[in-house]
Amino acid sequence: MKSINTKTITKNTANMSFAVFISRILGLLRDMVMAKYIGTSFVSDAFNIAFIIPNLLRRLFGEGALSAAFVPIYNEFGIKRGKKYQIYFAINVLSILSFLLLVLTLLGVIFAPLIIKITYPGATTQVADLAIKLSRIMFPYLFFIGLSSTLIAILNSHNKFFVTGLSSALLNIGWIFFVLFGAIALKKEAYDLVFFAAYGVMLGGFLQTIINLPLLKKVGYQFKVILKLKSNSMLMLWKRFIPAMFGLGVREINLIIDGIIASFLPIGSITALGFANRLMQLPLGVFGIAVGTAVLPQYSRLFTEKNIPAISETLKYSIKMILLLLLPTSIIMILGSDFIVSMLLQRGLFDEVSVQMTSKALICYTIGLSFYGLNQVVTPLFYAAKDTKTPVIIATFMVVLNIILNLILMQFLQHAGLALSTSITAAVQFIILLIMVKKKRLLWTK
């Protein structure tokens, strides 16, 4: 049996972390621009509502669930059937995915009023009307980013991590450029600037897709269409993807639930949660998600080779890396939350009230930071082992737990209680995942 290649994991994690770090720094600059020119008003709430829906679908349909289902099968075909069939399978997936994403995008644009009404029932008419207009501009982002996420999963399987990690920076570049152009060159006010931000999202999604195409060609891909819905390979993918969409998307589903409940809280609550979540996402993306992305191809190869000892070593090594990186970061962010938020965001329309609202949410989200990262490396084990049932059962309980905690904690902590319930849910999810890993003997055998 081969032993774990820690150098490969460390190198891939470092490449991904550095690229994601650049992207997240640009994301931080984006939030600073949005805070200065738009603040935490009804306008910013409307923008966050409009952006959350396509972004959630992107995480579930693109980079999260589909990658978890796709990568193990893709690597298995590469080992057992060769690169030619591996590429054929991927092109088939990309062709079908493009069609499905196009349909979802069109449905999102057509039914935007209904979607906003269902997902944010507490939004005022003023907020809802603006959110509908913005969502119709941004929904096509789903098509580009959903496609881009699968391209990234393919390239990661071929140990190409830097450019793929960097590609997400293009969203922030497009976003920042449009807002600054509207604010500085055209002297637009907050209401008009959110439309510039929405068009920036569209441009960023398009750029994220095309930047990966040259790398894909180097791997050996040709641009063509293959539409075979009922092949054995595609049936295998669907069986894994649908449960994975729910199992891996529990954190994103919980964020949507937070937003629904926050729509009944004072104006600015949705925006404060959004800013706090993105500040927490900076270290999570650089360290936690980077480690999870780097080890997923390792899991799938090792399970195909039935190398259980190496899988166990990979998980232990990944957990140590995440704890070493995220625990100290969590402590710093919790102790310095007021300073961090005020230093980064307090300018223009982002006032002291905005600072306090965002700081409270940041503390509560950061409590669960290490657990968010740990779940990123434990959950994919089940999908690599072809167990799609267990994560779905766990995720179902986590969504229910989050709703219960939301309703309890919001009574005492307002919007910050919603963030805290998300952190508690992440901790419980990690504990249960570890228990099930041992119970199912995915790693440790007697």
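The values are calculated or read from the model by the stated rules, or taken from the named source; none is laboratory data. Here the structure is a predicted model, which means the values were calculated and not measured. For neighbour counting, all protein chains shown are included, and Cβ atoms are generated from backbone atoms with ideal geometry for every residue, glycine included.
Helices (runs of 4 or more DSSP H) wholly in segment 317-408 with at least 2 residues that are more than 26 Å from E305 (Cα to Cα) and among the aromatic types (F, W, Y) - which ones? Before the answer, list the steps.
On the way: elements: 337-345, 352-366, 369-384.
Per the criteria, 369-384.
I'm told I152 meets every condition in (1) surrounded by fewer than 20 Cβ atoms within 10 Å (Cβ to Cβ); (2) touching a helix residue (DSSP H, G or I) at 6+ places or on another chain (Cβ under 6 Å) except one. Can you identify the failing condition by its number?
So I152 meets the others, but not (1).
Which condition number does L155 fail, the rest of (1) within 20 Å of the chain's Cα centre (by Cα); (2) without any contact (Cβ under 8 Å) to a residue 24 or more places away in the chain being met?
Of the numbered conditions (1) within 20 Å of the chain's Cα centre (by Cα); (2) without any contact (Cβ under 8 Å) to a residue 24 or more places away in the chain, the odd one out for L155 is (2).
From the list S423, S370, which residue is buried (at least 18 other Cβ atoms within 10 Å of the Cβ), under 25 Å from L325 (Cβ atoms), in contact with a Cys (Cβ under 8 Å, 6 or more places away or on another chain) and of a type in the set (S, T, Y)? Give the derivation first.
Working: S370 fails: in contact with a Cys (Cβ under 8 Å, 6 or more places away or on another chain).
From the options S423, S370, the qualifying one is S423.
Condition first: farther than 30 Å from L215 by Cβ and modelled with pLDDT under 90. Now tell me which residues in segment 118-154 satisfy that.
Initially, segment 118-154 is screened for residues farther than 30 Å from L215 by Cβ, giving 118-136.
If the condition is that a residue be farther than 30 Å from L215 by Cβ and modelled with pLDDT under 90, then I118, T119, Y120, P121, G122, A123, T124 are the ones that fit.
Quickly run through segment 184-224 and pick out the residues that are among the polar types (S, T, N, Q) and within 24 Å of S135 (Cβ to Cβ).
Passing the criteria: Q208, T209.
Step by step: first the residues of segment 187-222, then only those that are aliphatic (A, V, I, L, M), closer than 30 Å to K84 by Cβ and assigned to a helix (DSSP H, G or I), then the one that is nearest to the chain's Cα centre (by Cα). Which residue is that?
Quick first cut of segment 187-222, residues aliphatic (A, V, I, L, M) only: 190, 193-194, 197-198, 201-203, 207, 210-211, 213, 215-216, 219.
Remaining after also requiring closer than 30 Å to K84 by Cβ: 210-211, 213, 215-216, 219.
Filter once more, so that each one left must be assigned to a helix (DSSP H, G or I): 210, 213, 215-216, 219.
Working: I210: 20, L213: 21, L215: 23, L216: 22, V219: 26 Å.
Out of the qualifying residues, it is I210.
Could you check N172 against (1) touching a Ser or Thr at 6+ places or on another chain (Cβ under 7 Å); (2) within 30 Å of P266 (Cα to Cα); (3) at pLDDT below 85 and say which number it fails?
(3)
Within segment 384-420, how many residues turn out to be without any contact (Cβ under 8 Å) to a residue 40 or more places away in the chain, surrounded by fewer than 18 Cβ atoms within 10 Å (Cβ to Cβ) and not polar (S, T, N, Q)? Spell out how you get there, then give the answer.
From segment 384-420, those without any contact (Cβ under 8 Å) to a residue 40 or more places away in the chain are 393, 397, 400-401, 404-405, 408-409, 411-412; that's our starting set.
Pick out the ones that are also surrounded by fewer than 18 Cβ atoms within 10 Å (Cβ to Cβ) and you get 393, 397, 400-401, 404, 408, 411-412.
From what is left, the residues that are not polar (S, T, N, Q) are 393, 397, 400-401, 404, 408, 412.
So the count comes out to 7.
Against the definition (touching a residue at least 40 places away in the same chain (Cβ under 8 Å) and either in contact with a helix residue (DSSP H, G or I) (Cβ under 7 Å, 6 or more places away or on another chain) or more than 30 Å from P72 (Cα to Cα) (or both)), how does T366 come out, yes or no? Give the derivation first.
On the way: touching a residue at least 40 places away in the same chain (Cβ under 8 Å): yes; either in contact with a helix residue (DSSP H, G or I) (Cβ under 7 Å, 6 or more places away or on another chain) or more than 30 Å from P72 (Cα to Cα) (or both): yes.
The answer is yes for T366.
Yes/no matrix, rows are residues, columns are (1) more than 30 Å from S370 (Cα to Cα); (2) crowded, with 19+ Cβ neighbours inside 10 Å:
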{"site": "G182", "(1), (2)": "yes, yes"}
{"site": "K188", "(1), (2)": "yes, no"}
{"site": "Q208", "(1), (2)": "no, yes"}
{"site": "P214", "(1), (2)": "yes, no"}
{"site": "V225", "(1), (2)": "yes, no"}
{"site": "W238", "(1), (2)": "yes, no"}
{"site": "D258", "(1), (2)": "no, yes"}
